[in-house]
């Protein structure tokens with residue numbers, strides 16, 4: 001059975017830590033690199049629900065997209081939310097490895113997985129690094145044009161269901177063929193999507209003012225599709241799972257988390273005038 005260190009090597013070949021932003025915290029959070037691993041759980045968020053899931057599955061390793069300890073800490077006492085998870089994972093022999101902005105920029109990476117889920121053929125990065133291949137976001141195209149309303153439904157059907165759902169902003173009949181996507185919070189790349197001249201931009205956490213100012217422009221292009229952060233990054237779990245499964249075929253079981261860790265769990269609509 002492979003050691004944890006061997007699995008980390010494979011993950012870091014796919015998602016080089018050098019691609020991570022300077023403020024990010026990626027890599028091994030807890031776990032013994034010498035210990036054997038037979039089952040790995042892939043998830044977006046290292047939270048109580050996914051730690052529970054790992055225990056239920058008997059996984060010795062959790063590979064998460066989001067860091068558990070992004071900001072500097074001086075301790076992990078067990079009576080704090082994150083400290084309790086660290087203590088629990090150590091007690092149960094569950095390692096945690098995080099691939100965040102390095103997975104965002106890798107080729108293929110988070111946005112490639114999102115593009116594939118939607119049915120796009122990727123043509124390049126939205127905000128490329130110096131090599132022109134890696135970078136944040138992706139630009140792609142549909143096999144044929146379809147109305148914006150149809151495209152918004154395509155996105156909703158392609159991703160896991162969330163309480164907030166999928167929102168669109170634009171002319172419902174506008175033909176959509178070229179699309180930019182950015183997994184995670186992507187309104188800071190709206191200018192790049194606009195400059196690229198794509199028909200639609202799909203991302204998460206679009207803020208009111210940047211979206212509103214964009215749409216105020218006459219004939220605003222691209223139209224906008226807003227997702228929850230979790231849903232936009234969940235397809236990456238399958239991509240990363242395939243990386244490990246392919247490297248250790250028959251020796252490591254890989255599982256993609258089925259537990260929704262999107263924080264929004266209640267939706268209400270006005271019932272009276």
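The values are calculated or read from the model by the stated rules, or taken from the named source; none is laboratory data. Given the structure is predicted, the values throughout are model-derived calculations rather than measurements. Here the Cβ is made from the backbone with ideal geometry for all residues, glycine too, and neighbour counts use every protein chain on show.
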Note on the stretch 194-215: residues touching a strand residue (DSSP E or B) at 6+ places or on another chain (Cβ under 7 Å) and closer than 10 Å to residue 180 by Cβ are 196, 198, 199, 200, 201, 202, 203
Wholly inside the stretch 3-81, strands (runs of 3 or more DSSP E) that include 3 or more residues that are touching a helix residue (DSSP H, G or I) at 6+ places or on another chain (Cβ under 6 Å) are 39-43
When (1) in contact (Cβ under 8 Å) with a residue 60 or more places away in the chain; (2) in contact with a strand residue (DSSP E or B) (Cβ under 6 Å, 6 or more places away or on another chain) are applied to residue 125, the one that fails is (1)
For the stretch 158-170, pairs from a residue that is under 21 Å from residue 194 (Cβ atoms) to a residue that is surrounded by fewer than 21 Cβ atoms within 10 Å (Cβ to Cβ), with Cβ under 6 Å and 6 or more apart or across chains, are 166/156; 169/215
Across the stretch 82-93, the tally of residues that are at positive phi and surrounded by 15 or more Cβ atoms within 10 Å (Cβ to Cβ) stands at 0
Residue 221 vs (1) over 26 Å from residue 44 (Cβ atoms); (2) crowded, with 22+ Cβ neighbours inside 10 Å: all pass except (2)
Of the candidates 11, 61, the one satisfying the condition of being farther than 26 Å from residue 185 by Cα and in contact with a strand residue (DSSP E or B) (Cβ under 9 Å, 6 or more places away or on another chain) is 61
The number of residues in the stretch 58-81 that are more than 25 Å from residue 111 (Cβ to Cβ), surrounded by 14 or more Cβ atoms within 10 Å (Cβ to Cβ) and modelled with pLDDT of 95 or more is 2
Filter the stretch 18-33 for residues that are in contact with a strand residue (DSSP E or B) (Cβ under 6 Å, 6 or more places away or on another chain) and over 14 Å from residue 240 (Cβ atoms); the one that is surrounded by the fewest Cβ atoms within 10 Å (Cβ to Cβ) is 28
